[in-house]
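Trainee: I'd like to ask some things about the structure below.
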Amino acid sequence: MFANQRLLPPVFLLMLVVFVICVALSTRAGIGVGDKASAADPKLADGLAAWEQVYSVLASPRCINCHTATNYPQQGDDRHRHFANVIRGPEGKGVPGLNCASCHQQENADSTGVPGGPNWHLAPLSMQWQDLNDQRLSSAAVCRAVTDRSKNNGLDGSGLLKHHEQEPLVLWAWNPGRRPDGTTRTLPPLTHAQFVAATRTWVEAGTPCPRTN
Ligand code: HEC
Ligand code: HEC
């Protein structure tokens, strides 16, 4: 092939250089991909994408109105402070004379516009998904809180999945009843089935959390 034997070393050298560059590039790409978790690990990427769906529900008013950082629950899609100066109280159940349960029954009371569910009360402060200015925490921060077993009643991945599947206060968000003015409350951005499916994908990927923020 090579008529001129003196061409061989340079050709060989060129191939070697190309080879080294290829290896270097693929290694760098590998690290970059692992960082952002995309093509390198499809399960992780699916898990992170599923988490963003889960987060879209957690951060929606029907859920986050009970997962506040302040000493009061919120109301409505604008998440304003609960009327009548209702306050959290020691166990999230209000204070004597103004307990949550003195107004909130086991079921929605559509004639008066009071939503209801079993043991209606605020989530503990360890399960807050907002800051003290009522701003939603980032997806990464909520993810860290929800997966921290010292903050979430010791729930592991399957415990979280079960909570999302069955907990009556979670299910309430998809049957939130009527407001005092008779209009129906808005629903979370996914159906309950979609929400459970997204939680399952996230749990099966090992409950990964975004790294930023
Ligand atoms: C004096 C009666 C009363 C008490 C006490 C009370 N609530 Fe309410 N709550 C209501 C009424 C009425 C509404 C409906 C207001 C509306 O939709 O405009 C409501 C709405 C809510 C909502 C809004 C749901 C949504 O997504 O819009 C939450 C959350 C809530 N209450 C939590 C609590 C918690 C937690 C407590 C106890 C710490 C409590 N409430 C105590 C009467 C009360
Ligand atoms: C009426 C108030 C209320 C509403 C509405 C509510 N939660 Fe909660 N949430 C609670 C309380 C109270 C707890 C603590 C439960 C316990 O102590 O067993 C809790 C705990 C949780 C937990 C346990 C883990 C953790 O770190 O917070 C998850 C997950 C959760 N809620 C998800 C949701 C989702 C999703 C929605 C909406 C679809 C929702 N919640 C709506 C009151 C509420």
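Trainee: Could you list all residues from the range 177-209 that are surrounded by 15 or more Cβ atoms within 10 Å (Cβ to Cβ), away from ligand 2 (no atom under 12 Å from the Cβ) and part of a loop (DSSP other than H, G, I, E, B)?
Mentor: Within the range 177-209, Arg179, Ala205, Pro208, Cys209 meet the criteria.
Trainee: Of all residues in the range 159-170, which are of a type in the set (Asp, Glu) and in a helix (DSSP H, G or I)?
Mentor: Of everything in the range 159-170, just one residue is of a type in the set (Asp, Glu) and in a helix (DSSP H, G or I), namely Glu165.
Here is a yes/no grid of residues against (1) in contact (Cβ under 8 Å) with a residue 24 or more places away in the chain; (2) farther than 15 Å from Gly177 by Cβ; (3) more than 15 Å from ligand 2 (Cβ to nearest atom):
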| residue | (1), (2), (3) |
| --- | --- |
| Leu48 | yes, yes, yes |
| Leu58 | yes, yes, no |
| Asp77 | yes, no, no |
| His82 | no, yes, no |
| Glu91 | yes, yes, no |
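Listed here are the residues, each with its yes/no results for (1) polar (S, T, N, Q); (2) farther than 26 Å from Pro42 by Cβ; (3) within 12 Å of ligand 1 (Cβ to nearest atom); (4) touching a Cys at 6+ places or on another chain (Cβ under 6 Å).
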residue: Leu125; (1), (2), (3), (4): no, yes, no, no
residue: Gln130; (1), (2), (3), (4): yes, yes, no, no
residue: Ala145; (1), (2), (3), (4): no, yes, no, no
residue: Asn153; (1), (2), (3), (4): yes, yes, no, no
residue: Ser158; (1), (2), (3), (4): yes, no, no, no
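Trainee: Going through Ser126, Ser102 one at a time, which residue ends up being surrounded by fewer than 16 Cβ atoms within 10 Å (Cβ to Cβ), small (Gly, Ala, Ser) and in contact with a Lys or Arg (Cβ under 9 Å, 6 or more places away or on another chain)?
Mentor: Result: Ser126 is the single residue among Ser126, Ser102 that is surrounded by fewer than 16 Cβ atoms within 10 Å (Cβ to Cβ), small (Gly, Ala, Ser) and in contact with a Lys or Arg (Cβ under 9 Å, 6 or more places away or on another chain).
Trainee: Here's another thing I want to ask about it. Please name all residue pairs, on different chains or six or more residues apart, with Cβ atoms under 8 Å, provided the first residue is in the range 107-118 and is more than 18 Å from Val170 (Cα to Cα) and the second residue is outside any loop (DSSP other than H, G, I, E, B) and within 11 Å of ligand 1 (Cβ to nearest atom).
Mentor: Between residues of the range 107-118 that are more than 18 Å from Val170 (Cα to Cα) and residues that are outside any loop (DSSP other than H, G, I, E, B) and within 11 Å of ligand 1 (Cβ to nearest atom), the close pairs are Asp110/Arg178; Gly113/Arg178.
Trainee: Which of the helices (runs of 4 or more DSSP H) contained wholly in the range 54-158 include at least 3 residues that are within 27 Å of Thr207 (Cβ to Cβ)?
Mentor: 61-64, 139-147
Trainee: In the list Gly89, Gly113, which residue meets the criterion of being touching a Leu at 6+ places or on another chain (Cβ under 9 Å) and within 14 Å of ligand 1 (Cβ to nearest atom)?
Mentor: Gly89
Trainee: While we're on this one: Which pairs turn up if I take residues in the range 161-176 that are more than 7 Å from ligand 2 (Cβ to nearest atom) and of a type in the set (Phe, Trp, Tyr) and look for partners that are at pLDDT 95 or above and outside any helix (DSSP H, G or I) with beta carbon separation below 9 Å, at least 6 apart in sequence or on another chain?
Mentor: Partner pairs satisfying both residue conditions: Trp174/Leu187; Trp174/Pro188; Trp174/Thr191.
Trainee: Given the options Ala40, Ala50, Ala45, Ala59, name the one that is away from ligand 1 (no atom under 14 Å from the Cβ), of a type outside the set (Val, Ile, Thr) and within 19 Å of Trp174 (Cβ to Cβ).
Mentor: Answer to the check: Ala50.
Trainee: Separate question: Taking Leu122 and the conditions (1) within 10 Å of ligand 2 (Cβ to nearest atom); (2) in contact with a helix residue (DSSP H, G or I) (Cβ under 7 Å, 6 or more places away or on another chain), which numbered condition does it fall short on, given that it satisfies the others?
Mentor: Only one criterion in (1) within 10 Å of ligand 2 (Cβ to nearest atom); (2) in contact with a helix residue (DSSP H, G or I) (Cβ under 7 Å, 6 or more places away or on another chain) is unmet by Leu122, namely (2).
The values are calculated or read from the model by the stated rules, or taken from the named source; none is laboratory data. In this text, all values refer to a predicted model and were calculated from it rather than measured experimentally. Every residue, glycine among them, receives a Cβ derived from its backbone with ideal geometry; neighbour counts consider all protein chains shown.
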